Amino acid sequence: GPWQIPVADCAVTAASYDSYAGEAMAMGERTPVALLNHAASARLAVAEAVTNIAATEIGDLKRIKLSANWMAAAGHPGEDAGLYDAVKAVGEELCPALGITIPVGKDSMSMKTQWQTEQGEERAVTSPLSLIITAFARVTDIRKTVTPQLRPEQGGRLLLLDLGMGKNRMGGSALAQVYGQLGSEPADLDAPEHLAFFFAQIQHLVANRELIAYHDRGDGGLFVTLAEMAFAGHCGV
């Protein structure tokens, strides 16, 4: 944006100097949620990547391709089963329901380390299951990309499209972490068809230049989303 505030939801580049076609990339992850629900963490990573990349003109949801970077502490109690649940949730259920493929990825299965202190004390650190999703897609017209930058001179209204369906589940959220808590019930993508419908409607608005600004409600919640949009627009809300 004009004030060099890096809050855009996706990165968009032109294919060449003499073309308005291009490509977009966005990321999604919800690692802390895996401490409560492995499958929910994986679904949220995919959902975040999709809601991020929706800010530019892609068209059909099926045009998005995903790269999945899995990290887990294989062999640690409960982690192998959790990894299975997460892979099943994304690979066999969510992505087929959305019509999205995962043609590439990588994995790191040794996310646990053990060592001995100088006093002879045994120490160990185990990382929670982590899925980092990177979404890629062809962009029809890069000029139609929408950023979180609010534009007060253009008027308009702020609308919240609540994919959480009013449940406001706070487990594993940034707010919980601030208070040193984990919570009990994390957010989740309950219905893939809601995400697909959301994406289609946002794409229609982007294509017709009917959105002034766009930002996903991420880990920090609605307040942080609005604050970032205000920072990008150099204005109050």
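The values are calculated or read from the model by the stated rules, or taken from the named source; none is laboratory data. Every value quoted in this text rests on a predicted model; they were computed, and no experiment measured them. Positions of Cβ are backbone-derived with ideal geometry, glycine not excepted, and every protein chain shown enters the neighbour counts. Accessible surface is based on the protein model in full, side chains and every heavy atom, while ligands, DNA and RNA are left aside. Shrake-Rupley method; radii C 1.70, N 1.55, O 1.52, S 1.80 Å.
Numbers at a glance
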quantity	calculated
Test: residue in region 9-23 that is under 15 Å from the mean Cα position of the chain (by Cα), open to solvent by 50 Å² or more (accessible area, probe 1.4 Å) and over 21 Å from Leu211 (Cα atoms)	no
Pick from region 24-40, criterion among the small types (Gly, Ala, Ser) and out of contact with any Phe, Trp or Tyr (no Cβ under 9 Å at 6 or more places or on another chain), ranking: surrounded by the most Cβ atoms within 10 Å (Cβ to Cβ)	Ala34
Scope region 152-180; condition out of contact with any helix residue (DSSP H, G or I) (no Cβ under 9 Å at 6 or more places or on another chain), farther than 29 Å from Thr31 by Cβ and part of a helix (DSSP H, G or I); matching residues	Glu153, Gln154
Failed criterion for Arg43 (all others in (1) more than 15 Å from the chain's Cα centre (by Cα); (2) farther than 20 Å from Val206 by Cα; (3) open to solvent by 40 Å² or more (accessible area, probe 1.4 Å) hold)	(1)
Given (1) open to solvent by less than 50 Å² (accessible area, probe 1.4 Å); (2) farther than 19 Å from Ile202 by Cα, index of the condition Ile100 fails	(2)
Filtered residues of region 60-92 (kept if exposed (fewer than 14 other Cβ atoms within 10 Å of the Cβ), acidic (Asp, Glu) and closer than 20 Å to Asp188 by Cα)	Glu92
Whichever residue in region 177-190 is hydrophobic (A, V, I, L, M, F, W, C) and touching a residue at least 24 places away in the same chain (Cβ under 8 Å) and, among such residues, is most open to solvent (accessible area, probe 1.4 Å)	Leu182
Selection status of Gly166, closer than 26 Å to Ala232 by Cβ, modelled with pLDDT under 95 and either crowded, with 19+ Cβ neighbours inside 10 Å or not charged (D, E, K, R) (or both)	no
Residue that is surrounded by the most Cβ atoms within 10 Å (Cβ to Cβ) [pool: residues in region 199-237 that are in a loop (DSSP other than H, G, I, E, B) and free of Cβ contacts under 8 Å to residues at least 60 places away in the same chain]	Arg217
